[in-house]
Amino acid sequence: MAIIKRLFCFIAVVILWSAAVQAAELTPQQIYAGASPGVVMVMGHSTGGERGSAGTGSIIRGDGLVLTNAHVVVEERTSKPYPRLFVYLKPDRVTGDPTTDLSRGVKATVLAFSQPLDLALLKLEGGLAPLTVVELGDSGKVQIGDRVVAIGHPEQGGLWTLTTGVISAEFENFNKVKGKHVFQTETGLNRGNSGGPLLDSQGHMIGVNTAIARLASDGMPITSISFSLESGVART
């Protein structure tokens, strides 16, 4: 009888633990509601205005520290940050009209960047109201098949677009760059998503969306192959 009681107690603990794990996994809607206010649009402009760049970023500290890709904020021809950088905060309601949705623009400066790792840290200028922070997750705990979502501004798509998928593969020292560890994901990414967050099922950023593969060397289309820098790379 004592053995049976202990067995039932064990089963009850397992059931409660499983329920707790399931409860911790948020739906894409919940993840979007919690994280999207901390996702920003980043735009860089050259001095003459003839060149520019647009991408996505994540607020990672309440005083206005933003994490994004270096290629979003650094001019390719000069290897220096764009002289004019603006970050746009998410409106309470996204209408689909850029004139309305991009009304909360803030100047930003580049604090640091690494072109080999394709990462950059920005600082928003001026005193701002409390900002939503996208929490960095532990990319070392991510497994192949884990569900993930991305938030960003894909070319020809809507601002603050949500896409979903799973972790498909993992690469260390991607493209032979030491320390550049990336996840491969099937999550839909396009130009404009660069620098945006890849979020786990708890809404933590475990990757910085960085690159896409669309054409093979012979011109054959490639689908569902995108790459996200692991959050652990940004921590180092």
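The values are calculated or read from the model by the stated rules, or taken from the named source; none is laboratory data. Since we're looking at a predicted model, the values are computed, not measured. For neighbour counting, all protein chains shown are included, and Cβ atoms are generated from backbone atoms with ideal geometry for every residue, glycine included.
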- Message: Out of Ser217, Ser228, Ser224, Ser201, I need the residue that is in a loop (DSSP other than H, G, I, E, B) and in contact with a strand residue (DSSP E or B) (Cβ under 6 Å, 6 or more places away or on another chain). Which one?
- Response: Ser201
- Query: Looking at segment 94-113, is at least one residue outside the structural domain of Glu172 (by TED's automatic domain parsing), β-branched (Val, Ile, Thr) and part of a loop (DSSP other than H, G, I, E, B)?
  - Reply: yes
- Message: I'd like to know if segment 72-80 contains one or more residues that are part of a helix (DSSP H, G or I), modelled with pLDDT of 95 or more and closer than 19 Å to His153 by Cβ.
- Response: yes
- Can you tell me which residue in segment 115-158 is nearest to Leu65 (Cα to Cα), limited to those that are outside any loop (DSSP other than H, G, I, E, B) and charged (D, E, K, R)? Lys123
- Run Thr132 past the list (1) of a type in the set (Ser, Thr, Tyr); (2) in contact (Cβ under 8 Å) with a residue 40 or more places away in the chain; (3) crowded, with 19+ Cβ neighbours inside 10 Å; (4) touching a Pro at 6+ places or on another chain (Cβ under 9 Å) and report the number of the one that doesn't hold. (3)
- Hey, can you tell me all the residues within segment 148-159 that are buried (at least 16 other Cβ atoms within 10 Å of the Cβ) and in contact (Cβ under 8 Å) with a residue 40 or more places away in the chain? Val148, Val149, Ala150, Ile151, Gly152, His153, Leu159
- Note on the structure: Filtering segment 208-236 down to residues that are under 17 Å from Pro116 (Cβ atoms), of a type in the set (S, T, N, Q) and at pLDDT 95 or above yields Thr210, Ser228
- With the first residue restricted to segment 210-236 and required to be at positive phi, and the second required to be in a loop (DSSP other than H, G, I, E, B), Cβ contacts under 7 Å at 6 or more apart or on different chains are Ser224/Glu186
- Output for segment 163-182, where each listed residue is of a type outside the set (S, T, N, Q), assigned to a strand (DSSP E or B) and surrounded by 19 or more Cβ atoms within 10 Å (Cβ to Cβ): Ile167, Val182
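Okay, residues lined up against (1) out of contact with any Lys or Arg (no Cβ under 8 Å at 6 or more places or on another chain); (2) at pLDDT 95 or above; (3) surrounded by fewer than 15 Cβ atoms within 10 Å (Cβ to Cβ); (4) of a type in the set (Asp, Glu):
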residue: Leu85; (1), (2), (3), (4): no, yes, no, no
residue: Leu89; (1), (2), (3), (4): no, yes, no, no
residue: Val94; (1), (2), (3), (4): yes, yes, yes, no
residue: Ala108; (1), (2), (3), (4): no, yes, no, no
residue: Pro116; (1), (2), (3), (4): no, yes, yes, no
residue: Leu119; (1), (2), (3), (4): yes, yes, no, no
residue: Lys123; (1), (2), (3), (4): yes, yes, no, no
